[in-house]
Each structure stands twice: as C-alpha cells, then as structure tokens.
Amino acid sequence: MRSTRRHFISTATVAAGSLALPRLARAQSFPARPIRYICPWPAGGSTDAVIRAVAESAAKALGQTIVVDNRPGAGGMLGANELVNARPDGYTLSQLPHGVFRIPHMQKTTFDTTKDFTWIACLTGYTFGLVVPADGPIKSVADLVAYAKANPDKFSYGSTGTGTSPHLAVEEFAQRAGIKLNHVPFKGNADNMQAILGGHTMAASDATGWAPHVDSGKLRLIATYGGKRSKRWPNVPTLDELGFKTVSDSPFGVCGPKGMDPAVTRTLHDAFKKTLEDPAVLAVFDKFDQTVIYMGTDDYTRWARETYTAEKATIERLGLAAKS
C-alpha cells in the first residue's frame, strides 16, 4: 500500500510538472520574434512619436524588435478591436486610449473594456489644450464663450475623434459654459492641425502636437485641461481654474489581449517600466509635455475598471449615452 501510494504521488508530481513545463518554456523563451505594438493614431502625431520612443527603448530591454503599427481612425478604437481577436501570446500589444472607457457607453463596440484586455503597464499621460489662430478674433476662453453665445453652433473645433478626451473635455466645458459648439472629428493630430492651419476650423482641441505652431506664432493656446498649469506654458490658464470644472490628462501605456501568461505579462511590464528611466524616452515626453504616470499591472487593471464606471456617469451627464 505504501509503495503504491508513493508511486501515485511520484507519478502525479511528474505529471503536474509536465503540464507546467510548456508554459514555463514559453515564458522563458519570450520574446522569440518581433513584437507588434499598435498605435491607433496616424504617423507623425505626438502619440506616435511617444510610442515609437517607448518601443525602441523596450526593445533593447527585451532583446527583440518592437514594430510600431499605425492603425488610425474610429476615435482610436482600432487597436482595441484588433486585441480582441489577437492571440494572447504577448506578440500583439496596443495603446488603449481613454475612449475605450467612454465609447462603449455611447455605441456598440466589439470589445468589453473590463474583460477583454490585459492592462500591462501605464506609462504617461497627455497635456491637452485648446488652440485658435493667432491672428483671429478669439484671444481667450472668454472671447470664445461670448462668440458662441452670440452664434450658437457656429464656432467649429476639431478633435482627434468622437468620444476621445480632446472631444469630451470641450463638450464638458461647453455644457458648463452654457454654449453649443460645432464638433469636427479627425483621425488624429496631423489632420486636426491641417484643418485649423488651413482655416477650415476655428479651433483645435488636442494633445501638444500643436506646440510647434504655438511656438512659431501661428496658433494661440487659450487653455489647457490639466489639474494645474503646464510647466511649459505657465501663463495659460486651465479650464478648471477658469471655473469650468474640467480636468483631463488621459493616462496610457501598453496593453494586450485577455488571457496572457502572467510570466509573459511580467516580462513585458518590466521592460516597459524600464523605459521610464531612459533619458531618450523622457526627452520625448518632455518635448510633448507629457509626464511619467506609472501604474503596474494590478494598479492599472484596477484603475481601468474604476475609470470605466466613472466615465459612464460623464457620458450620461453630457447626454451622449447610447439610447437603449
């Protein structure tokens, strides 16, 4: 009996170990080929530049190439759409912008924000702002509000897409200001800038891809959306301090499909976290006025769930919720 029992335990232990070996081998060999990192915005914009800098730095830590794949459109949701159908092997990653917490409350989506993704690491966040032509009649937020009240729906502004932070921050401001604006969605920063510089829109709400045009004197920055003034533009007020109770910085990082091997997730997390110590990455953050906003996998996952719930209330308050 004792001999039989010992044989059973020994056999069971070997069997359990055998089951664990393939997973362990996969984790130890990862990554064995190039990784695809989806940027759901056009090439040449501020997010594209940041993601490319982070990808190059993380690739050094991983010892493997990370290929940035631009998939612009649909308010930044194309990366999320691809992750739903991707294998959870760590070779397909994406930025998930703040729209993934909002758009599902506005329309039907192919993904469930709280169930379909692995939130690997949060790395940074945006400085958003509202810019107007420097030679135009609008010199301040007060001018904008006065014009919009006198001309409902006539003041046009571009953003990086319906449901994105640059869109909803302005809609929240407009609601609190008691004005109605004409929103013009674009695929990304490059298109948004072309529209305002070409005179096709009267303002642009975006991350700091507008900075070179502000510095050159072509555009005027009239407000930023952070909790405090930007270090680079300390004389420009925030929407919050102007009394409109609007704050937005949209933290983001790197995410994968659901069901990833925890060991692979940890390997990716550690490599991307290390990028936050890379002077080259921090220089690109600084160029686009982005700060380090780090969250590990557990904290990022918790934050994502809480943000999804909070954004539902925002969408309902703005009257943008999908009709049931």
Task: Contacts under 6 angstrom Cβ, first residue in segment 161-181 being farther than 12 Å from Leu130 by Cβ, partner of a type in the set (D, E, K, R) and assigned to a helix (DSSP H, G or I), 6 or more apart - done: Ile179/Lys149
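Just a yes or no: is a residue in segment 206-223 under 29 Å from Thr118 (Cβ atoms), surrounded by 15 or more Cβ atoms within 10 Å (Cβ to Cβ) and among the hydroxyl-bearing types (Ser, Thr, Tyr)? So that I can check it myself, show each step before the final result.
Of all residues in segment 206-223, those under 29 Å from Thr118 (Cβ atoms) come to 206-209.
This time we only want the ones that are surrounded by 15 or more Cβ atoms within 10 Å (Cβ to Cβ), so: 206-209.
Now drop any that are not among the hydroxyl-bearing types (Ser, Thr, Tyr), which leaves 208.
Looking for residues that are under 29 Å from Thr118 (Cβ atoms), surrounded by 15 or more Cβ atoms within 10 Å (Cβ to Cβ) and among the hydroxyl-bearing types (Ser, Thr, Tyr), one finds at least one in segment 206-223, hence yes.
Considering only residues that are among the hydrophobic types (A, V, I, L, M, F, W, C) and either buried (at least 23 other Cβ atoms within 10 Å of the Cβ) or outside the structural domain of Tyr91 (by TED's automatic domain parsing) (or both), look in segment 36-54 and name the one that is farthest from the chain's Cα centre (by Cα).
Within segment 36-54, the match that is farthest from the chain's Cα centre (by Cα) is Val54.
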TODO: Inspect segment 124-133 for any residue being more than 22 Å from Leu221 (Cβ to Cβ), in contact with a strand residue (DSSP E or B) (Cβ under 7 Å, 6 or more places away or on another chain), among the hydrophobic types (A, V, I, L, M, F, W, C) and in contact (Cβ under 8 Å) with a residue 60 or more places away in the chain and give the result as yes or no.
DONE: no
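Look at Gly161 and say whether it is closer than 25 Å to Val236 by Cα, surrounded by fewer than 23 Cβ atoms within 10 Å (Cβ to Cβ) and under 13 Å from the mean Cα position of the chain (by Cα). Let's see the steps before the verdict.
On the way: closer than 25 Å to Val236 by Cα: yes; surrounded by fewer than 23 Cβ atoms within 10 Å (Cβ to Cβ): no; under 13 Å from the mean Cα position of the chain (by Cα): yes.
Here the answer is no, as Gly161 does not meet what is asked.
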TODO: Could you please give the count of residues in segment 124-169 that are at pLDDT below 95, in a loop (DSSP other than H, G, I, E, B) and more than 12 Å from Leu181 (Cα to Cα)?
DONE: 7
- [ ] Would you mind stating whether Asp240 is under 17 Å from the mean Cα position of the chain (by Cα), acidic (Asp, Glu) and farther than 29 Å from Pro31 by Cβ?
- [x] no
Open item on the list: Quick check on my filter: what residues within segment 292-309 are out of contact with any helix residue (DSSP H, G or I) (no Cβ under 7 Å at 6 or more places or on another chain) and either within 24 Å of Leu62 (Cα to Cα) or without any contact (Cβ under 8 Å) to a residue 12 or more places away in the chain (or both)?
Closed with: Ile293, Asp298, Asp299, Tyr300, Thr301, Arg302, Glu306, Thr309
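The values are calculated or read from the model by the stated rules, or taken from the named source; none is laboratory data. Keep in mind that what you see is a predicted model, and the values were worked out from it rather than measured. Methodologically, a virtual Cβ is constructed for each residue, glycine included, from the backbone with ideal geometry; neighbour enumeration extends over all protein chains shown.
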